[in-house]
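Note sheet for the following structure.
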Amino acid sequence: MSLAFDTQDAVDAKETPVTSDLGDRPLRVLMPSYRSHPHTGGQGVYMRHVTKGLVDRGHIVDVVSGPPYPELDPRVGLIKLPSLDLYAQPTNFLGVPKFPWGRVKTTTDFLEYLIHVTGGFGEPYTFGRRMAEVIGPKIQQYDVVHDNQSLGWGLLELRKPGVAVIGTIHHPITRDKRIAIEHADTISLRLLTRRWYSFLRMQMKVARELDPIIVVSESTKRDIQTDFGIEEDRIRLVYHGIDHHQFRPIPEIKRKTNRIMTTTSADVAMKGLSYLVSAFAELLQTYPDLELVIIGKLRDGPTSKMINRLGIGDNIQFISGVTDEEITRLYAEATVAVCPSIYEGFGFPPGEAMACGVPVVTTTGGALPEVVGDAGVLVPPGDAHALAEGVRSLLVDETKRKRLGHLGRDRVLKEFNWARTAENLEALYRRTLNDAYGSARVAQS
């Protein structure tokens, strides 16, 4: 049963302070996530599956999220913290959202708009402020707060009554910043990029206050130590799962022999889409009927300009707004799946392709080798020709494609299971609570 309350009634919600023995009773977990799109990006996927895994184990779980809101198991509570959601709002001729008259009602609202129009990304900060105001007075309803990489100052406010606050870092955003600056082609764009990532200073300081920090790969563990300055003994590794029930082979759908498929949550340098487009143009010289299906939305930017310049738009199809089932069926038709990212903290796209039995080509960027193992073709990141050669090695060898497809599915089933993720998280919660409070922490209703 969820403890979630309507934000309008937050002040009147009943407190249930934690004062008794922990024992093995169900835990009451609050999971903050500043935005939780259910299909775009890994954080919404994480929230859906981790929370389901925890309630399957009998725990009481609430998610507090800003928009876009997650899709959750009906047993999981959702506390909505509305924001201005400026990235979803219409803009003027300068690309700036118009001032949202009638919606700016608090200082936090005004700060969100001000940070946005001055080139910053303020959502983690303003989400933290709203969360502290709404959830803070009732935080003792929960045993543990498990943050989903919001890492705002407000998170530290929730800790003051003695509630355990831990956090998951999917990957250090410092890597995104570094890659984006390296790929910026003008001084002004580099300056704007630095401004947009200014929220990182806050996130790094907040992360250093949490204990433990959960990471989702050995790669992220190493990079968090280096970039965030967090000691190794405060970091715990808990791998993601892959939804192998949803992402599965569909034998009745005939697999094509000329289709490359990729998924991308954003046209940013770190995702490496431009390298795949360049590699695809090279492959078209040998395979003129080759198709590239991209799950994502084509926006006016570097990739669209590259496609126009190369004159290969007729061979590329962008598909957006599709369900997981539709993506699974597209994987069933794909010859090869490609993940061209320069860096990933984990890598859901190659994992989901592997679960569907599709042979995968990806890079050695970040944690991708940990996900793919020996069940795919690995090439250096940021190398379009190497990417093309990796795909070519599969296009010419049907036997290799089938072998890697089977190995990929088997690897996902063996290594990446959401039920195991939830089990490992529960053990970590209990260990954290027992270390902090001994056996004197349980709710009295």
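The values are calculated or read from the model by the stated rules, or taken from the named source; none is laboratory data. Computed from a predicted structure; not experimentally measured. FYI the Cβ positions are ideal-geometry reconstructions off the backbone, even for glycines, and counts take in every protein chain you see.
Mind telling me which of the residues 326, 344, 333 ends up being surrounded by fewer than 24 Cβ atoms within 10 Å (Cβ to Cβ) and touching a residue at least 12 places away in the same chain (Cβ under 8 Å)?
Result of the check over 326, 344, 333: 333.
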Number of the exception - residue 303 against (1) modelled with pLDDT of 95 or more; (2) crowded, with 17+ Cβ neighbours inside 10 Å: (1)
Residue that is farthest from residue 50 (Cα to Cα), among those in the stretch 133-153 that are buried (at least 22 other Cβ atoms within 10 Å of the Cβ) and touching a Gly at 6+ places or on another chain (Cβ under 6 Å): 152
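Table: residues versus (1) crowded, with 17+ Cβ neighbours inside 10 Å; (2) among the small types (Gly, Ala, Ser).
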site: 380; (1), (2): no, no
site: 399; (1), (2): no, no
site: 408; (1), (2): yes, yes
site: 419; (1), (2): no, yes
site: 433; (1), (2): yes, no
Subset tally (residues that are within 12 Å of residue 171 (Cβ to Cβ) and hydroxyl-bearing (Ser, Thr, Tyr)) for the stretch 195-246: 3
Residue match in the stretch 268-285 (condition: touching a residue at least 60 places away in the same chain (Cβ under 8 Å), surrounded by fewer than 20 Cβ atoms within 10 Å (Cβ to Cβ) and not in a helix (DSSP H, G or I)): yes
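Restricting to the stretch 200-242, name every residue that is aromatic (Phe, Trp, Tyr) and surrounded by fewer than 19 Cβ atoms within 10 Å (Cβ to Cβ).
Taking the stretch 200-242 and keeping what is aromatic (Phe, Trp, Tyr), we get 228, 239.
Those that are aromatic (Phe, Trp, Tyr) and surrounded by fewer than 19 Cβ atoms within 10 Å (Cβ to Cβ): none in the stretch 200-242.
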Residue match in the stretch 55-63 (condition: outside any strand (DSSP E or B), under 24 Å from residue 205 (Cα atoms) and among the acidic types (Asp, Glu)): no
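Please pick out the residue among 191, 155 that is more than 30 Å from residue 2 (Cβ to Cβ) and not hydroxyl-bearing (Ser, Thr, Tyr).
191
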Search result, residues across the stretch 102-132 that are among the β-branched types (Val, Ile, Thr) and either closer than 20 Å to residue 195 by Cα or buried (at least 23 other Cβ atoms within 10 Å of the Cβ) (or both): 108, 115, 117, 118, 126
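Filtering the stretch 125-178 down to residues that are among the acidic types (Asp, Glu) and over 16 Å from residue 235 (Cβ atoms), which residue is modelled with the lowest pLDDT?
Narrowing the stretch 125-178 to residues among the acidic types (Asp, Glu): 133, 143, 147, 157, 176.
If we keep only those that are over 16 Å from residue 235 (Cβ atoms) as well, we get 133, 143, 157, 176.
Numbers: 133: 96, 143: 96, 157: 95, 176: 92.
So, considering only residues that are among the acidic types (Asp, Glu) and over 16 Å from residue 235 (Cβ atoms), the one modelled with the lowest pLDDT is 176.
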